[in-house]
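See below for the structure under consideration.
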Amino acid sequence: KAAIARAALALIAAICAAAMPRGRALWLGSAILGALACVTFGWMGHGAATDGGGHALHLAADILHALAGAAWIGALAAFAMLAAPRDQGPERLSALASALQRFTPIGIALVAAIAATGLINAWYLTGANVAVALRDPYGQLLALKIALFGGMLALAALHRQRSVPALAARLEANLQGDALASLRRSLLGEALLGFAVLSVV
């Protein structure tokens, strides 16, 4: 049932993307449909299979984990596409820099949600004994996923601390050249790590 619901939501989103004009309504509708599609993953994961008193917490953690991960990777894909063109005017570059700065608190909240719900999931699935968990293939893949996630965090910190301020400084000084080179590289690296995380999942 969850798979059918997800397929139906994806089909509706595809029809909207093909039929509706680009704009806020399409973005909002796509976001809502995508979020609902992500929610359905909760009923096909470990949270739905957990019995007893922990069922509701584990299911809620699974759902929030999927939502936060999708929002982070989705935003990353959007920023990567916005940064891809090499010949961009000052107005577009300024809008991109502003959007990246405004996204920072949202990104921090998403990372916190991913980390917290990931810990809940790991507790239910592997327990507190890390040494025992790492002897199991599932635990080894989980450790790899955490390492890749750490790499994404490092690159996200690089955007925040270096690439975005450098872009803003170049715009303020009206410097010529490719102002997005550093940001483009770090966004690409983060995107590759994000898809690597999905592959491990």
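The values are calculated or read from the model by the stated rules, or taken from the named source; none is laboratory data. Small disclaimer: the values here were computed from a predicted structure and weren't measured. We place every Cβ from the backbone using ideal geometry, glycine too, and count neighbours over all the protein chains shown. Accessible surface areas use protein heavy atoms only, side chains included; no ligands, DNA or RNA. Shrake-Rupley method; radii C 1.70, N 1.55, O 1.52, S 1.80 Å.
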Take GLY53 and decide whether it is at pLDDT below 90 and surrounded by fewer than 17 Cβ atoms within 10 Å (Cβ to Cβ). yes
Starting from segment 177-201, take each residue that is aliphatic (A, V, I, L, M) and list its partners that are open to solvent by 60 Å² or more (accessible area, probe 1.4 Å) and modelled with pLDDT of 85 or more, counting only C-beta distances under 8 angstrom and pairs at least six apart or across chains. VAL200/LEU141; VAL200/LEU144
Output the residues belonging to segment 1-41 that are within 25 Å of ALA122 (Cβ to Cβ) and free of Cβ contacts under 8 Å to residues at least 40 places away in the same chain. ARG6, ALA35, ALA37, CYS38, VAL39, THR40, PHE41
State whether one or more residues within segment 120-130 are among the aromatic types (Phe, Trp, Tyr) and modelled with pLDDT under 80. yes
Criterion violated by GLY47 - all others in (1) within 17 Å of ILE120 (Cα to Cα); (2) surrounded by 16 or more Cβ atoms within 10 Å (Cβ to Cβ); (3) modelled with pLDDT of 85 or more satisfied: (3)
Flag if ALA61 is in contact with a Ser or Thr (Cβ under 7 Å, 6 or more places away or on another chain), more than 24 Å from LEU188 (Cβ to Cβ) and open to solvent by less than 30 Å² (accessible area, probe 1.4 Å): yes
In segment 27-75, which residues are over 20 Å from CYS16 (Cα atoms) and of a type in the set (Phe, Trp, Tyr)? PHE41, TRP43, TRP72
Out of everything in segment 93-118 that is under 13 Å from ALA168 (Cβ atoms), among the hydroxyl-bearing types (Ser, Thr, Tyr) and touching a residue at least 12 places away in the same chain (Cβ under 8 Å), what residue ends up being most open to solvent (accessible area, probe 1.4 Å)? SER94
I need the full set of residues from segment 13-34 which are open to solvent by 40 Å² or more (accessible area, probe 1.4 Å), in contact with a helix residue (DSSP H, G or I) (Cβ under 6 Å, 6 or more places away or on another chain) and not hydroxyl-bearing (Ser, Thr, Tyr), in order please. MET20
Limited to segment 15-44, what total is found for residues that are part of a helix (DSSP H, G or I) and more than 24 Å from GLY69 (Cβ to Cβ)? 5
